[in-house]
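The values are calculated or read from the model by the stated rules, or taken from the named source; none is laboratory data. Keep in mind that what you see is a predicted model, and the values were worked out from it rather than measured. For neighbour counting, all protein chains shown are included, and Cβ atoms are generated from backbone atoms with ideal geometry for every residue, glycine included. When the accessible area is computed, the model is the full protein with side chains, heavy atoms only, and any ligands, DNA or RNA have been set aside. Shrake-Rupley method; radii C 1.70, N 1.55, O 1.52, S 1.80 Å.
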Amino acid sequence: MNFSEILKNLRKEKEIGQQELALALNTSRKSISHWETGYSEPSIAQLIMLADLFDVTLDDLLGRENKSFK
């Protein structure tokens, strides 16, 4: 799964509307919509806030699997 799908799923699981999430992140509902459709992406600071809000790691939020550095 990619970031936009993960974000939308997390938001729906927590029963948070786009407007409510936008207010929590001090952004617009339109930005949330764009993130969920893959039109744009949040900043690093917003990604960190999203991970904290949904109590997930950044790797989980971004759909990264355990990648070891070799």
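Observations
- Residues (within 12 Å of the chain's Cα centre (by Cα) and β-branched (V, I, T)) located in segment 17-70: I32, T37, I44, I48, V56, T57
- In this structure, A51 does satisfy being part of a helix (DSSP H, G or I), in contact with a Leu (Cβ under 6 Å, 6 or more places away or on another chain) and open to solvent by less than 50 Å² (accessible area, probe 1.4 Å).
- Screening the candidates S31, S68, S4, S40 for the property of being at pLDDT 95 or above, outside any helix (DSSP H, G or I) and open to solvent by less than 90 Å² (accessible area, probe 1.4 Å) yields one hit, S40.
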